Amino acid sequence: MISTFSLVLVIITGISGIFWGIKQLYIIICNHNQHKKIFLQKSNNIYQQSKNTYSLIISYCSKISEFVSSLFPILLLVFIIRSFIFEPFRIPSGSMMPTLLIGDFILVKKFIYGIKNPVTQKTLINTGHPKRGDVIVFKYPKNPTLNYIKRVIGEPGDKIIYNIITKQLTIYPNHINHIKYIQQPLPITYNNISPSNFIQIFSSDANGKVNSSFIKIKSQKKNPHGIRLIQTTESFNGIEHNILTMIPPGDQNLTKMYDQHTKHLISEWLVPTDEYFVMGDNRDNSADSRYWGFVPERNIVGKAIIIWMNIKKREEGIWPISIQMNRISKIQ
């Protein structure tokens, strides 16, 4: 798994570093001030007096070399920060609502889960592992060129159970190592259940494909053209975060309709070694481990820690109409 952008950044930084190194070596050999004065004088004389193409090429090459070498310290700093410390990302979809909204700009701490080779993503120094409740950015296992963001629900060895109708999670921690005796599930609570400020609207295009979008309207107002999502505080491992669902978690009214088919409404997963089970906080509108499987630890980029800006758009491709600085906050 190779990161194309990181590879390009490595190459550009390396090239500028070579020019910078040659320049520094030349300065050490020659007197710096004298060299600079002679260099500028010769360059100017060549440019003003020479009429042939060769002299002009030499002049331009000298200026380009000077410019490229001057970029090296900046490129090196960017490379170190982006590859090993922090990296910014923009949220393109609503799968992590209400925690993260479309247009949020987030900062991801990369070294928290290990120092990795920026090109191959191989771990060089292990500094930690993701925990249940962490919001992580990772390379999508089906297409590593794409970055996804979800919440860690299951660690290696966990048994995960999800009820499609009641929207409730059951987690048996480290199930593989405790298979010989009866194990208690991790306590999970659902509190503060209330109508959210988010309405999901459905529409179809010319080909008949159904699309959905989200608008934000105060809970007191009605919108006959969409479904108001339910917001709930989910808590496990002492971590609280808000989720969105189409019906309140634990609502038993709809289960009566499915009494004869309850086995088909409950899904179970056993998380393999060195892999993680992830889900979006917008539970009914997230393509996650329930559909495409687990996230290998080598695919994990880092932990999302802060929202530092939001650019609000009418729709994709249209110039932003406002910058939402009130979105600045720590990610829970």
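The values are calculated or read from the model by the stated rules, or taken from the named source; none is laboratory data. Please read all numbers here as calculations on a predicted model, not as lab measurements. Note that we place each Cβ from the backbone using ideal geometry, even for glycine, and neighbour counts take in every protein chain shown. Areas reflect the complete protein model, heavy atoms only, side chains present, ligands, DNA and RNA absent. Shrake-Rupley method; radii C 1.70, N 1.55, O 1.52, S 1.80 Å.
With each pseudo-label sitting 7 Å past Cα toward Cβ, what's the Lys131-Lys23 distance in nm, one decimal?
Placing both labels 7 Å along Cα→Cβ, they lie 4.6 nm apart.
What distance in nm separates the two pseudo spin-label positions at Asn223 and Met246, each 7 Å out from Cα along the beta-carbon direction?
1.6
Label Gln184 and Lys142 with points 7 Å out from Cα along Cα→Cβ: what is the distance between them in nm?
For the pair Gln184/Lys142, the computed spacing is 3.9 nm.
Please list Asp205, Asp158 in order of solvent-accessible area, largest first, computed with a 1.4 Å probe with all protein chains present.
The ordering from most to least exposed comes out as Asp205, Asp158.
Which order, highest average first, do 184-191, 133-140 follow once you tally other Cβ atoms within 10 Å for each residue and take the mean per peptide? Write down the numbers at each step before the final one.
Details: 184-191: 12.5, 133-140: 20.4.
Final packing ranking: 133-140, 184-191.
Efficiency by 1/(1 + (r/R0)^6): what FRET value for Met325 and Leu124, r their Cβ-Cβ distance, R0 = 41 Å, to the nearest 0.05? If you can, show how the numbers build up before the last one.
Numbers: r = 37 Å, r/R0 = 0.90.
Rounded to the nearest 0.05, the efficiency is 0.65.
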